[in-house]
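To start, the structure under review is shown below, and the notes come after it.
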Amino acid sequence: MSRVELFEVGPRDGLQNEVRLIPTSEKIALIDLLSQAGFRRIEVASFVSPKWVPQMADGADVLAGITRAPGVSYAALTPNIRGFEAAKAARVDEIAVFASASEGFSRANVNASIEDSLARFVPIMEAAEMPVRGYVSCVVECPYDGPTPPAKVADVASKLFEMGCYEVSLGDTVGRATPEGTEAMLKAVTRACDPSKLAGHFHDTSGRALANIDVALDHGLRVFDTAVGGLGGCPYAPGAAGNVATERVMDHMKNKGLETGLDAGIIAEAATMARAMRKESDDV
Ligand code: HMG
Ligand code: MG
């Protein structure tokens, strides 16, 4: 059976937008459960300004508290060299730098133009001894600038590869992409970049994430970012809902005859745990 990989981003992208400050122990419990599910990579923290994303302020404690499973790479986001130093001190296995294909979101999310945000990654790439993943946000739609030109996504993704990223994840940050928009974007990006080094990162605001994943599969992508329980959103992307749920993508892949290597029982348990974390947030 052909394989696809689901990259679990729930503990980071899933939780970063929750209103209630989730206790570190709850995050650790979720990550420890996910570590038993068969993922190769789990994004567990962000080393960003705690003023910008208070929910991620305990990244070092999360990484110190988890029980690391052999063969699992624990990842964290780093927007600048300061975040990189903190992630390195916390002994992350890999880091992710994140850029946008639209100027409006870049300014809202990291207070910098696209060009200036990429310039911040140069010292990170020079210092990093661990693998560095890249993100491009707003690959089809931007909440500030409207539709994103596909050529701009190809340009930013190419720059991230040129800098040394081993994989670039293409983010439909607000979850409003249509399969047609995704198709046009992927046509442009796969002309410039190797599809086997691209990942799809779909939020599911409009319920089209699975349809967009199918388009991405047709273009040769085999890695998809997902979050158990469908948690998520970005505080700087108004209207963004959760990441597409790991359990839904796992079932979808199974129905298509594609193997994810995940343990369905553990995923179901983790999804229940994640949803309970959100529910308590809703009660705040
Ligand atoms: P800034 O205000 O322009 O920068 O923020 P600054 O250098 O003036 O720093 C502001 C304060 O933050 C200062 O503290 C710094 O020391 C501190 P103060 O002097 O005011 O007390 N600071 C830091 N603290 C801890 N760790 C750091 C750090 N850097 C500065 N690394 C900055 C610029 C980039 C820092 C800010 O805009 C920021 O942190 N943004 C992050 C926003 C974010 O995390 N968004 C969510 C993740 S992206 C996402 O979800 C999309 C994705 O899922 C893909 C998709 O869906 O498309 C990846
Ligand atoms: Mg995201």
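Taking the stretch 1-50 as the range and being within 14 Å of ligand 2 (Cβ to nearest atom) and either polar (S, T, N, Q) or open to solvent by 40 Å² or more (accessible area, probe 1.4 Å) (or both) as the test, the residues that pass are GLN16, ASN17, SER46.
On the stretch given as the stretch 80-117, residues that are in contact with a Phe, Trp or Tyr (Cβ under 6 Å, 6 or more places away or on another chain), surrounded by fewer than 21 Cβ atoms within 10 Å (Cβ to Cβ) and closer than 21 Å to LEU170 by Cβ total 2.
Please determine whether any residue of the stretch 195-215 is in contact with a Ser or Thr (Cβ under 7 Å, 6 or more places away or on another chain), within 15 Å of ligand 2 (Cβ to nearest atom) and small (Gly, Ala, Ser). Checked the stretch 195-215: at least one residue is in contact with a Ser or Thr (Cβ under 7 Å, 6 or more places away or on another chain), within 15 Å of ligand 2 (Cβ to nearest atom) and small (Gly, Ala, Ser). Looking at the stretch 77-95, which of its residues are touching a Ser or Thr at 6+ places or on another chain (Cβ under 7 Å) and within 19 Å of ILE31 (Cα to Cα)? Once the filter is applied, which keeps residues that are touching a Ser or Thr at 6+ places or on another chain (Cβ under 7 Å) and within 19 Å of ILE31 (Cα to Cα), the stretch 77-95 yields LEU77, ALA87, ASP93, GLU94, ILE95. Return the only residue of GLY220, GLY232 being at pLDDT 95 or above, in a loop (DSSP other than H, G, I, E, B) and either more than 19 Å from PHE105 (Cβ to Cβ) or within 13 Å of ligand 1 (Cβ to nearest atom) (or both). Sole residue among the options that is at pLDDT 95 or above, in a loop (DSSP other than H, G, I, E, B) and either more than 19 Å from PHE105 (Cβ to Cβ) or within 13 Å of ligand 1 (Cβ to nearest atom) (or both): GLY220. Of the residues making up the stretch 51-61, just one is free of Cβ contacts under 8 Å to residues at least 24 places away in the same chain and open to solvent by less than 80 Å² (accessible area, probe 1.4 Å), namely ALA57. Of all residues in the stretch 140-181, those satisfying the criterion of being assigned to a helix (DSSP H, G or I) and either within 13 Å of ligand 2 (Cβ to nearest atom) or of a type in the set (A, V, I, L, M) (or both) are ALA151, VAL153, ALA154, VAL156, ALA157, LEU160, MET163.
Listed conditions (1) within 16 Å of ligand 2 (Cβ to nearest atom); (2) among the small types (Gly, Ala, Ser); (3) open to solvent by 40 Å² or more (accessible area, probe 1.4 Å) are all met by ALA64, apart from (1).
The values are calculated or read from the model by the stated rules, or taken from the named source; none is laboratory data. Values in this document were obtained by computation on a predicted structure and should not be read as measured data. Backbone-built Cβ (ideal geometry, glycine too); neighbour counts: all protein chains shown. With ligands, DNA and RNA removed, areas are computed over all heavy atoms of the protein, side chains included. Shrake-Rupley method; radii C 1.70, N 1.55, O 1.52, S 1.80 Å.
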